[in-house]
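Worksheet: the structure to be examined is printed underneath.
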Amino acid sequence: MKDIILKQVEKYYKKDEHDKIISTILNFPRYENDYELSGLLARAYNNTKQYDKAITTLHQFKEQGINDPMWVYRLAYSHCIGTKKYDKVQNYIENILNNASDNNTDNEVYIDLVDFLIICLENDVNNISFKKRVESFWIWFTENEVKLSDMIDRMKNNSIEDPDEVTDFVSDGISLISSGLFFNFGGDYEFGFSSRQNPSIFYTTPYLISKMPREFKDKWTFTPFSMGHIEGFSVDLPDINQTLHINDIFVAVDYGSDTNQTGFNLQFYNQHLSKLDDPLAYNTFLAMANFAIGEAIWHIYINSVSRSDVKLDNMVSLTELKQNIIDTLQGSDRKLFTNPKDRFITFKMEIEHNETSPLRYEVNFGTTSFHQLQNEYYAKENKINITLLKMGVYTGFIILQDNEGINDETLKNAQKITDEIVALGIAINIGRSIGAFIYIDFIIYDIKEFLLELPKIFKQYPYKFHLSYFRQNSNLIHFNQL
């Protein structure tokens, strides 16, 4: 009997006859005890906008469904599309995504769950802004500066009885910003952060450090990411029972002949690394190269890496790589950038689009300092957005609409608007694109204050303004101008 019901439900579903699905399942005597049928009933309730009934139906099987992506998807649909009670489903979504295997992440249900998670995070009224998180961190640091100094002094004297005491205490302070933020603590009153291949760090920690209380600036050294060191550094390679020293790694550096070339291609060699499998060899080199030249220079300038089985004549020691890059850039009359947020690159776009295409698909050209975020937008991915939102950081773009057409005056005013927004001190500009509209891109450290201040700026200009979060199909916030 159930098989007949399932076939009938599928038939109605293909015809979008969801009311008939509801009546068919409700007339089946044992549907309330059947996980599969109850799930299909909840789907039909969602499709007929009876979201509360869908939620009630799903929660009858909460214990069974909590680890089922489809159950969570239907619950997410009920709340994110229907009730707007995002806090009721966010933890369920995160549980599924955190336990997803790499084989599942391309599954349509998982992709939709990521989209729902973004919606939950964007609308989380309890999500503390990055600005306030930074303020809380510096209050914590000020209150505990004496204790932190004592910890470093004891570390210098090797009198720390329990190293975990230091790590746990500092981690508690860092968690005021994010539990996923990597840091280094020690040295001569040094506090540094690390990207660990997370590009978001370059657009958050500089703001954090800029808010450091003045009274600590002569004593403490805070760095937003690893800046690079050429002093001795080594790692143990237990697989081959060897210690690898940084000065024993050699690198061939290719800058290319193209006049537009801005990046380097590296080829590395070390006799011990040659004995390792590719993943371990590359990861080891990556870690040591980041130490040698710094995370920012690596992030900005290194295009590709390959391994050589022999030492080439043109190779230099890894300890010389940073200076080699600096000299090469200076010899090509190019500026050396040491912070990715300050380096803007120009791009041209050739994407097919029509009237139904998402925003920015009609863009002709522009500039960006956060190309990974822009790439994710067009790839319909949201990894960076999720990372930033969990720190209270929003990404978005202002849409400037000039009904008279974009001209030189519009472009000049767009720059003035950008400068005025940046002057608020709660956002940084990461790019601008030109298409049917002008798109001005921002990293936003306090979204509520940002939205409060924008109308004061916009009212000075004769344009229509809209705000979109930096993802496809985001709801627009309209700023109506007279």
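The values are calculated or read from the model by the stated rules, or taken from the named source; none is laboratory data. In this text the structure is predicted, and so the values were computed from the model without any measurement. When we count neighbours, we look across all protein chains shown, and the Cβ atoms used for this are built from the backbone with ideal geometry, even at glycine.
In the stretch 358-382, the residues that are over 20 Å from residue 428 (Cα atoms) and in the same structural domain as residue 394 (by TED's automatic domain parsing) form Cβ pairs under 6 Å with partners that are surrounded by 17 or more Cβ atoms within 10 Å (Cβ to Cβ) and polar (S, T, N, Q), at six or more places apart or across chains, as follows: 358/472; 363/433; 380/472. Quick check on residue 296: is it under 30 Å from the mean Cα position of the chain (by Cα) and loosely packed, with under 14 Cβ neighbours inside 10 Å? No; evaluated as a whole, the condition is false for this residue. Here 2, 20 are screened, and the one residue that is of a type in the set (Lys, Arg), more than 28 Å from residue 117 (Cα to Cα) and touching a residue at least 24 places away in the same chain (Cβ under 8 Å) is 2.
Is there a residue in the stretch 107-122 that is under 17 Å from the mean Cα position of the chain (by Cα), among the aromatic types (Phe, Trp, Tyr), surrounded by 15 or more Cβ atoms within 10 Å (Cβ to Cβ) and part of a helix (DSSP H, G or I)? Yes, the stretch 107-122 has at least one match.
Scoring residue 231 on the criteria (1) closer than 24 Å to residue 339 by Cα; (2) buried (at least 19 other Cβ atoms within 10 Å of the Cβ) leaves a single failure, condition (2). Residues being of a type in the set (D, E, K, R), surrounded by fewer than 17 Cβ atoms within 10 Å (Cβ to Cβ) and at pLDDT 90 or above are entirely absent from the stretch 278-290.
Of the residues in the stretch 202-223, at least one is farther than 30 Å from residue 320 by Cα and surrounded by 19 or more Cβ atoms within 10 Å (Cβ to Cβ). Taken over the stretch 364-390, residues that are assigned to a loop (DSSP other than H, G, I, E, B) and out of contact with any Gly (no Cβ under 8 Å at 6 or more places or on another chain) amount to 3. Could you tell me whether residue 336 is in contact with a helix residue (DSSP H, G or I) (Cβ under 7 Å, 6 or more places away or on another chain) and surrounded by fewer than 17 Cβ atoms within 10 Å (Cβ to Cβ)? Taking the combined requirement at face value, the residue satisfies it.
Pairing each residue of the stretch 136-158 that is assigned by TED's automatic domain parsing to the domain that holds residue 207 with any residue that is exposed (fewer than 12 other Cβ atoms within 10 Å of the Cβ) and of a type in the set (S, T, N, Q), provided the two are 6+ apart or on different chains, yields C-beta distances under 9 Å for 153/159.
Within the set 242, 267, the sole residue that is in contact (Cβ under 8 Å) with a residue 12 or more places away in the chain, closer than 18 Å to residue 297 by Cα and surrounded by 12 or more Cβ atoms within 10 Å (Cβ to Cβ) turns out to be 267.
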